[in-house]
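These notes are about the structure you will find just below.
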């Protein structure tokens, strides 16, 4: 009986030792994460704020491949498209000095077709900005919030294209 108690106390001691070792590892990980979080929050606040330009993110991920990084129509896929892509930086100047907000919005959401963008049913950027996107996001958000989210992304993209305009 004495040997059994000795084995038990040894097992308990080993278990407690493992618990303290694991606790120490967890505490070190938490401290590291807190330090990294503080560094990111303080050290790169400006860089983080710059990354929040949703319109630019949308443009670079959906449009730049054809229209180019700066909107001049010189993206890597532009050589395969005919006719030549328009210079998005000149939309205002080509429209009497007024940015064609409504037309740009309708082209993006698919209500106005542009041959190079594909047909309504098969846009080159997929269903990112149409009613199917609303259905997809309504799985995660309420239907009203999903519509607002998709419209917000379109508005951010239109605003970014507006900001690209040559002054």
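The values are calculated or read from the model by the stated rules, or taken from the named source; none is laboratory data. Here the structure is a predicted model, which is why all the values come from computation and not from measurement. Glycine also receives a Cβ, built like all others from the backbone with ideal geometry; neighbour counts cover every protein chain displayed.
Tabulated data for the structure shown
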quantity: Matching residues, region 84-113, being at pLDDT below 90 and surrounded by fewer than 14 Cβ atoms within 10 Å (Cβ to Cβ); calculated: 84, 111, 113
quantity: Residue match in region 50-73 (condition: assigned to a loop (DSSP other than H, G, I, E, B), modelled with pLDDT of 55 or more, over 22 Å from the mean Cα position of the chain (by Cα) and surrounded by 10 or more Cβ atoms within 10 Å (Cβ to Cβ)); calculated: yes
quantity: Conditions (1) at pLDDT 70 or above; (2) closer than 24 Å to residue 82 by Cα; (3) not in a helix (DSSP H, G or I): number failed by residue 141; calculated: (2)
